[in-house]
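To start, the structure under review is shown below, and the notes come after it.
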Amino acid sequence: MPPTVTLTPRGVERAKTGHLWIYRSDLADAQAEGGDVVQVMGPRGRPVGEAFYSDRSQIALRLITRGTDRIADEALWRTRLANALRFRESLAIDATAYRLVHGESDLLPSLIVDRYGDYLVMQTLSQTTDRLLPVWTRLLVDLLKPAGILVRNDVRVRKLEGLDSKVEVVHGSVPERVEVRDGRVRYEADLFAGQKTGLFLDQRENREAAARYAHGRLLDCFSYHGGFALALAPHCTETIAIDSSEDAVEHIRANAARNGITHVDARALNVFDELREFDRGDERFDTIVLDPPAFAKNRAALPNALAGYKEINLRALRLLAPGGILVTCTCSHHVDEATFGEVVYSAALDAQVQVSIIEKRMQARDHPVLLSVPETYYLKCLIVRKL
Ligand code: SAH
């Protein structure tokens, strides 16, 4: 008997929506071990498909195939990886760092692979992708011949799977710092310790878009290693980049120097305090970027998160000169597009300004959204003009 999980009728309905996740409460029975690739059955034994099974997470199943055929094997992983890689290649991304595999959206749930030049950074975020780590490694080496593969499994979500936190090189060797290019900007990425897998690759196209409107005095809030600041600075007369982390600010300075950009003033400060200070001091900016961390890590945190988003957007709209541009983002999937629009609208009302939306954007194309899994649509970015 292959490992088998039986769903309740509600679980079957859930699977019919095309969503890949089935929660533990929708399981009737599990004859499987955590980390198994399982056959999924309906209550009367009708096959639903195959899935990754976790015996710890609330997300008990991640569906990988549908119907009766039992096809989940190494050949299928190879096909899915190859498809994901071919798609990224077709995008002709003007950068040497980008996402190659975006989990669910590439039908490889809970597997992340990013490219940083000749190196790959991988995350295995569920019991099954973790168990299959040697397989992913072998297939990626075969398909891409990378100089090294680093596993960045120091991610909180792995706790929910009962998996430990670790960072390890599983193929070749990976240097402490890797130089990558994103458009015209060169960065030194710290793959071992940087946030995410080193850089925020999902904002690449939003930086490009924002650069088309950026002008005058720029304020880049939550700057990290200067992603927006460095992409927009060439279009601006003055650039202030703020991040609360001293280490991030050091990186902004080093990256600015690396790119010969001299007019970036990087400050280690709390954005909430600093926006208030600027407001008090009657400062004005022509371009402001707000790219905060996810304020809403879960649904319970939503009211506070919305208050936080509103506060920074309100202050930014007040600080903008007429004709100024606000690039405002949220990367909480709990804050949907409509809700985010309402936050900005209500900030504009309180600031007593009229704004127009110039662009509604999302995460970059190498991080596509799987329509049946709304959770994969996490990053929203509005480019707004103050009238
Ligand atoms: N804009 C960046 C990514 C931002 S990630 C890019 O394009 O690459 C969010 C950043 O916000 C992190 O670097 C974190 O250190 C910083 N941060 C979090 N809370 C903050 C606060 N209250 N004030 C300033 N920075 C903050």
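The values are calculated or read from the model by the stated rules, or taken from the named source; none is laboratory data. Model, not experiment: these values are computed from the prediction. Methodologically, a virtual Cβ is constructed for each residue, glycine included, from the backbone with ideal geometry; neighbour enumeration extends over all protein chains shown.
Return the residue satisfying two criteria in turn: it lies in the range 166-205 and is among the polar types (S, T, N, Q) and modelled with pLDDT under 95, and of such residues it is nearest to residue 114 (Cα to Cα). Applying the filter and picking the extreme gives 197. The C-beta contact set for the range 236-254 (first residue more than 23 Å from residue 213 (Cα to Cα), second residue hydroxyl-bearing (Ser, Thr, Tyr) and within 8 Å of the ligand (Cβ to nearest atom), distance under 6 angstrom, 6+ apart or interchain) comprises 248/224.
The set of residues in the range 249-261 being within 14 Å of residue 222 (Cβ to Cβ) and either surrounded by fewer than 15 Cβ atoms within 10 Å (Cβ to Cβ) or in contact with a Ser or Thr (Cβ under 7 Å, 6 or more places away or on another chain) (or both) consists of 252 alone.
Within the range 50-74, can you find the residues that are touching a Gly at 6+ places or on another chain (Cβ under 6 Å), surrounded by 18 or more Cβ atoms within 10 Å (Cβ to Cβ) and without any contact (Cβ under 8 Å) to a residue 60 or more places away in the chain? Scanning the range 50-74 gives 63, 65. Whether a residue is within 25 Å of residue 350 (Cβ to Cβ) and free of Cβ contacts under 8 Å to residues at least 24 places away in the same chain was assessed, and residue 303 passes this test. Checking each residue in the range 312-341 for being part of a helix (DSSP H, G or I), more than 12 Å from the ligand (Cβ to nearest atom) and either within 21 Å of residue 203 (Cα to Cα) or among the β-branched types (Val, Ile, Thr) (or both) picks out 313, 316, 337, 338, 339, 340, 341. Restricting attention to the range 274-311, the residues that are part of a strand (DSSP E or B) and either within 13 Å of the ligand (Cβ to nearest atom) or aromatic (Phe, Trp, Tyr) (or both) total 4. A count restricted to the range 262-301 and to residues that are surrounded by fewer than 18 Cβ atoms within 10 Å (Cβ to Cβ) and either over 27 Å from the mean Cα position of the chain (by Cα) or at pLDDT below 95 (or both) stands at 16.
Every residue, every condition in (1) under 24 Å from residue 343 (Cα atoms); (2) near the ligand (Cβ under 9 Å from one of its atoms); (3) of a type in the set (Ser, Thr, Tyr), yes or no:
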site	(1), (2), (3)
239	no, no, yes
254	no, no, no
265	no, no, no
271	yes, yes, no
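Just the residues that are loosely packed, with under 14 Cβ neighbours inside 10 Å and either in a helix (DSSP H, G or I) or among the small types (Gly, Ala, Ser) (or both), please, taken from the range 15-31. Those that are loosely packed, with under 14 Cβ neighbours inside 10 Å and either in a helix (DSSP H, G or I) or among the small types (Gly, Ala, Ser) (or both): 16, 18, 25. Of the helices (runs of 4 or more DSSP H) lying entirely inside the range 203-267, those containing at least 2 residues that are out of contact with any Lys or Arg (no Cβ under 9 Å at 6 or more places or on another chain) span 204-211, 246-258.
The number of residues in the range 118-141 that are more than 21 Å from residue 33 (Cα to Cα) and surrounded by fewer than 17 Cβ atoms within 10 Å (Cβ to Cβ) comes to 3.
Scanning the range 337-382 for residues that are free of Cβ contacts under 8 Å to residues at least 24 places away in the same chain and within 15 Å of the chain's Cα centre (by Cα) yields a single hit, 362. Counting only residues that are under 18 Å from the mean Cα position of the chain (by Cα) and near the ligand (Cβ under 9 Å from one of its atoms), the range 205-220 holds 2 of them.
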